[in-house]
Amino acid sequence: MRLLRIALIALILSAVAYTQTDDLGMGAFSNDKGAILMTVDASLVNRIVTSPYVMFYAFLGSKDQGQAITVAAKDVVMVYKGQEYPMPSVKELRANYGGGIRDLDLYQHLGKEAVVGSWVRMYQFPENANFFPTLTQAAALPTDEGHMVGYWGFLTPLYFKNPGFAKGDTLTIKVRDKKNPQLAGECEVILD
């Protein structure tokens, strides 16, 4: 009986610890199990995996429509091979990487049909602010925070310094509310 109880506890703990990310296909992944819903499109990273900085496109939303959530740029991290990587600042990215306009142009030409297969289709994403707007005349100013409430989500590119990605690698992108770290979300991504 004791062995059965230990096995049951281990099974419950492993189920809680499992990321529970859905592979939507075409480089898109989604996790709707946390307080912050996340869908991450890694199709651009899959195309240019050797770029010094890599861009993921993230769709974030509040699971509880009555809960307002604010994610600060400093609270977005990537976990790769057990190490946590923060996003660079806009100033650092622009000083060290000149591929932002190319990334956005290439991303706009990639298929996004898989993303629509997730919770994203039920939310609206105003495109008036994001963490890394392109450096063009019509671009909005960069923001340090993304806001989500009701069925209004936050859509933004996420840049990270490339730690040496290779095809088949697995990484996790994590976000949390700036005031309440218990309100969090994460999405596992497999590069192909």
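List the residues whose amide H sits under 5 Å from the amide H of Y85, counting only those 5 or more places along or on another chain, with H placed 1.01 Å from N in the peptide plane.
Sorted by chain and number, the residues that satisfy this are M78, V79, Y80.
Multiply the residue gap between N128 and V79 by 0.36 nm, knock off their C-alpha separation, and tell me the result in nm, one decimal place.
Separation in residues times 0.36 nm, less the Cα-Cα distance, equals 14.8 nm.
Indicate the gyration tensor shape class of region 108-160 (rounded, prolate or oblate), computed on the Cα atoms with a ≥ b ≥ c the square roots of the eigenvalues: a/c under 1.5 is rounded; otherwise a/b larger than b/c is prolate and the rest oblate.
Oblate.
Looking at this model, which pairs from K74/K161; K33/K178; K33/K161; K33/K179; K91/K179 are more than 22 angstrom apart at the alpha-carbon?
Violating the 22 Å limit, Cα to Cα: K33/K161; K91/K179.
Counting only residues 5 or more places away or on other chains, whose amide H sits under 5 Å from the amide H of M26 once H atoms are built in the peptide plane?
none
In which sequence would V115, V149, V40 go, from the one with the fewest C-beta neighbours within 10 Å to the one with the most?
V149, V115, V40
Label-point separation (nm) for E113 and H147, each offset 7 Å from Cα along Cα-to-Cβ?
Result: 3.6 nm between the two label points.
From the phi of every residue in region 95-103, what ³J(HN,Hα) in whole Hz does the Karplus formula 6.51 cos²θ - 1.76 cosθ + 1.60 yield, where θ is phi - 60° and glycine or proline is x?
These are the phi-based 3J(HN,Hα) values: 6, 10, 8, x, x, x, 5, 4, 4 Hz.
Assuming R0 = 35 Å, can you tell me the calculated FRET efficiency for the pair D23 and A139, based on Cβ-Cβ distance, to the nearest 0.05?
FRET efficiency, D23 to A139: 0.65.
If eta is 1.002 mPa s and T is 20 °C, what Stokes-Einstein diffusion coefficient results for the chain, Kirkwood Rh from Cα pairs, in µm²/s?
124
Of the peptides 150-160, 120-130, 166-176, how do they stack up when ordered by the mean number of other Cβ atoms within 10 Å, highest first?
Per-residue mean Cβ counts within 10 Å order the peptides as 150-160, 166-176, 120-130.
Give me, ordered by chain and number, the residues 5 or more places off S62 or on other chains with an amide H under 5 Å from its own placed amide H.
Those qualifying (amide H under 5 Å, at least 5 residues apart or on another chain) are L37, V149.
Quick one: if you stick a label point 7 Å off each Cα along the C-beta vector at K91 and A166, how many nm between them?
3.7
Go through region 29-38 residue by residue and turn each phi into a ³J(HN,Hα) via Karplus (6.51, -1.76, 1.60, θ = phi - 60°); whole Hz please, and just put x for glycine and proline.
9, 9, 9, 10, 8, x, 5, 10, 6, 9
Using each residue's phi in region 71-79, evaluate 6.51 cos²θ - 1.76 cosθ + 1.60 at θ = phi - 60° and report the 3J(HN,Hα) Karplus result to the nearest Hz, with x for Gly and Pro.
9, 7, 4, 5, 9, 10, 9, 10, 10
Only the coordinates and a few stated rules stand behind these numbers; no lab work does. Keep in mind the model is a prediction, meaning the values are calculated, not measured. All Cβ positions, even for glycine, are placed from backbone atoms using ideal geometry, and neighbour counts span all protein chains on display.
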